[in-house]
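Structure, as C-alpha cells:
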Amino acid sequence: MTTTETTGTAAAAPTAAATTTAAPATPRTGAATDAELRAVITQFLATEARLLDDGREEEWYGLLDDDLVYEVPVRQATEPRSREFSQRGIRVRDTKAHIRTRIDRLGTGLAYSEVPPSRTLRVVGSIEIRGTDSPDVVAVSSALLLYRQRGIDPYFDLIPVRREDTIRLTAAGPRLLSRRALTTETSLATPNLAVFL
C-alpha cells in the first residue's frame, strides 16, 4: 500500500490541493478516499497548531496517542546530509507521560522558561501523506515555521522544522502516535525548547 500526497497550508486555513496515488483503508473508520484522507490529516495538523498557539495544551494533549514518542534529535553540522540526524544526540525524547508532566508544570508558575508564556504562531505546510504497514496508521511529513515572542521583548524567534509524524486513525479521530522534529538549525537560536514543535 503506497500513498503519496503533498499540500501547502497555513495552520488555521488549509486550502491547497494535493496529488495522491492511493489511500490506505482504515478499519476503524472505513475506507477513506484520497480527498477524505487529505482533509482529515490537514485538519488535524491545523487544529493541533491552533490549540498550541492559543495555549490550550490540555486540549492538544487529548490528540496524543497513548503510545506517543516525541523527539527532537540534534543535527550534526559536520556530517553529510544523509547522516545529519544520526541519533548520537537527542535534545528531547518524551513519552505521553513526559508530556503530561511538562503541561502540569506550566500551570505551577515555576516553569521559568515560559514565564511569561511565549506567544506563538505555527504555519504548517508541505504536507506529504504515505501509507504504512499498519492499515490504521499513516506517515505524515510536514514543514513547520514557528514564530515565538515573549512578554514585551522586542525580539522574536523563527524556528524552522521538518516534522516526521505517524498518525493513528481511530473512531474518535486522528491521534499523534510519533513525532520526530528535525530542526533546520544545528545551533538553536531560540533559548530553549519549552514550546512544542
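Residues that are part of a strand (DSSP E or B) and of a type in the set (S, T, N, Q) were ranked within the range 110-153; the one that is farthest from D65 (Cα to Cα) is Q149. Considering the conditions (1) under 22 Å from S134 (Cα atoms); (2) at pLDDT 50 or above; (3) within 19 Å of the chain's Cα centre (by Cα); (4) among the acidic types (D, E), E5 is excluded by exactly one of them, (2).
Could you tell me whether any residue of the range 136-146 is closer than 20 Å to A39 by Cα, among the acidic types (D, E) and in contact with a Leu (Cβ under 6 Å, 6 or more places away or on another chain)? Full working, then the answer.
Within the range 136-146, the subset closer than 20 Å to A39 by Cα is 136-144.
Now restrict to residues that are among the acidic types (D, E): 136.
Those still in the list that are in contact with a Leu (Cβ under 6 Å, 6 or more places away or on another chain) too: 136.
Checking the range 136-146: at least one residue is closer than 20 Å to A39 by Cα, among the acidic types (D, E) and in contact with a Leu (Cβ under 6 Å, 6 or more places away or on another chain).
If you check T170 against the conditions, is it more than 30 Å from L37 (Cβ to Cβ), at pLDDT 90 or above, over 16 Å from the mean Cα position of the chain (by Cα) and not charged (D, E, K, R)? So T170 fails the test.
Restricted to the range 154-197, and to residues there that are hydroxyl-bearing (S, T, Y) and not in a strand (DSSP E or B), the residue that is nearest to L68 (Cα to Cα) is T184.
When the criteria are applied in full, A139 fails the requirement of being small (G, A, S), surrounded by 16 or more Cβ atoms within 10 Å (Cβ to Cβ), more than 18 Å from E59 (Cβ to Cβ) and modelled with pLDDT under 95. When the range 82-109 is filtered for residues that are assigned to a helix (DSSP H, G or I), within 15 Å of R179 (Cβ to Cβ) and either at pLDDT 95 or above or among the acidic types (D, E) (or both), the ones remaining, listed by number, are K96, H98, I99. For first residues located in the range 100-115 and touching a residue at least 12 places away in the same chain (Cβ under 8 Å), partners that are charged (D, E, K, R) and lie 6+ apart or on another chain with Cβ distances below 7 Å form the pairs I103/E57; I103/E58; L106/E57; L106/E114; A111/R105.
The values are calculated or read from the model by the stated rules, or taken from the named source; none is laboratory data. These numbers were taken from a predicted model, which means no experiment stands behind them. With ideal geometry, Cβ positions are generated from the backbone for all residues, glycine too; neighbour counts draw on all protein chains shown.
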